[in-house]
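The values are calculated or read from the model by the stated rules, or taken from the named source; none is laboratory data. Small disclaimer: the values here were computed from a predicted structure and weren't measured. Neighbour counts are summed over all protein chains in view; Cβ atoms, including those assigned to glycine, are modelled from backbone coordinates with ideal geometry. Just so you know, the surface numbers come from the protein's heavy atoms only, side chains and all, with ligands and any DNA or RNA stripped out. Shrake-Rupley method; radii C 1.70, N 1.55, O 1.52, S 1.80 Å.
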Amino acid sequence: MIQITITAALLFWLFKKHTITLSGNFISGIINGQALFSVFFFLFFIASQAQEKTVNYNVLQNGNIIGQMQFYQKSYHDEVFLKISSQVETRLIFGIHIKTEEGSHFKNGKLMSSYVKRQVNGKEKANKTTQFINSNYKTLAENKKGQIKEQYIAYNLMLLYSKEPVDENQVYSDSFQQFLTIKKTDHHSYRIALPDGNYNDYHFLNGMCQKVELHHSLFTINIQIA
């Protein structure tokens, strides 16, 4: 669902400042009314240029919901901002609480920056960034610096949730900080093999990701639209 919002407090302040009353100079009221209309029109025009989309997913294991994930996208002119946040609670030998947050910023179709943060039972397990600086992509993973050879990243794993990889054969992983191969397995279905030997299957409808199957050597996790 596309959402267009304007700060309510700002509108209330403008209304109080420029409201027209029947007392006082009538022409002044007309002028203030025109000013109010112009300001409101400008704010609605600016807000209409920004498009926001939020999609909620359930995280399941063996058919049971073990967590939630939210995908958020904001587009404004030539910039796109993405954010994914999730919380999962499950058990292997002992209880595990996993909290993850990822973010990306694209400009003119090019990745400018991204980050991945992950906590397990309150302890940081991942803190990685990718940034386009001085014509190169610089990476940082747990304070270890690196560099990506490619000069242009137009598609990353976060973007998979809102854009089906119809014409894409590779995708940048912000977590592994490298490109991964995309293999089409069926109509609107794709598989991405991970460097650790596991793989993910992505399924799409009308260009939007409906379900992700995370295949691990020890378990399978499903992420599907709530």
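The table that follows gives values for the structure above.
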{"quantity": "Members of the range 182-196 that are over 16 Å from I221 (Cβ atoms) and either surrounded by fewer than 15 Cβ atoms within 10 Å (Cβ to Cβ) or not aromatic (F, W, Y) (or both)", "calculated": "I182, K183, K184, T185, D186, H187, H188, S189, A193, P195"}
{"quantity": "Any hit, the range 148-159, residues being open to solvent by 60 Å² or more (accessible area, probe 1.4 Å) and part of a strand (DSSP E or B)", "calculated": "no"}
{"quantity": "Those residues of the range 37-69 which are open to solvent by 80 Å² or more (accessible area, probe 1.4 Å), hydrophobic (A, V, I, L, M, F, W, C) and either at pLDDT below 95 or over 30 Å from S86 (Cα atoms) (or both), in sequence order", "calculated": "F37, F41, F42, F44, F45"}
{"quantity": "Whichever residue in the range 169-181 is open to solvent by 20 Å² or more (accessible area, probe 1.4 Å) and of a type outside the set (S, T, N, Q) and, among such residues, is farthest from I221 (Cα to Cα)", "calculated": "F179"}
{"quantity": "Filter result (of a type in the set (K, R) and in contact with a Phe, Trp or Tyr (Cβ under 8 Å, 6 or more places away or on another chain)) within the range 54-94", "calculated": "K74, K83"}
{"quantity": "Members of the range 121-136 that are open to solvent by less than 100 Å² (accessible area, probe 1.4 Å) and either touching a residue at least 24 places away in the same chain (Cβ under 8 Å) or assigned to a loop (DSSP other than H, G, I, E, B) (or both)", "calculated": "N121, G122, A126, K128, T130, S135"}
{"quantity": "The range 92-120, subset modelled with pLDDT of 95 or more and farther than 20 Å from F71 by Cα, residue least open to solvent (accessible area, probe 1.4 Å)", "calculated": "V120"}
{"quantity": "Residue under evaluation Y72, criteria (1) modelled with pLDDT under 95; (2) among the aromatic types (F, W, Y); (3) surrounded by 14 or more Cβ atoms within 10 Å (Cβ to Cβ), criterion not met", "calculated": "(1)"}
{"quantity": "Those residues of the range 160-205 which are part of a loop (DSSP other than H, G, I, E, B) and within 18 Å of the chain's Cα centre (by Cα), in sequence order", "calculated": "S162, K163, E164, P165, D174, S175, F176, Q177"}
{"quantity": "Evaluation of S135 against (1) more than 30 Å from I93 (Cα to Cα); (2) small (G, A, S); (3) modelled with pLDDT of 95 or more (one fails), failing number", "calculated": "(3)"}
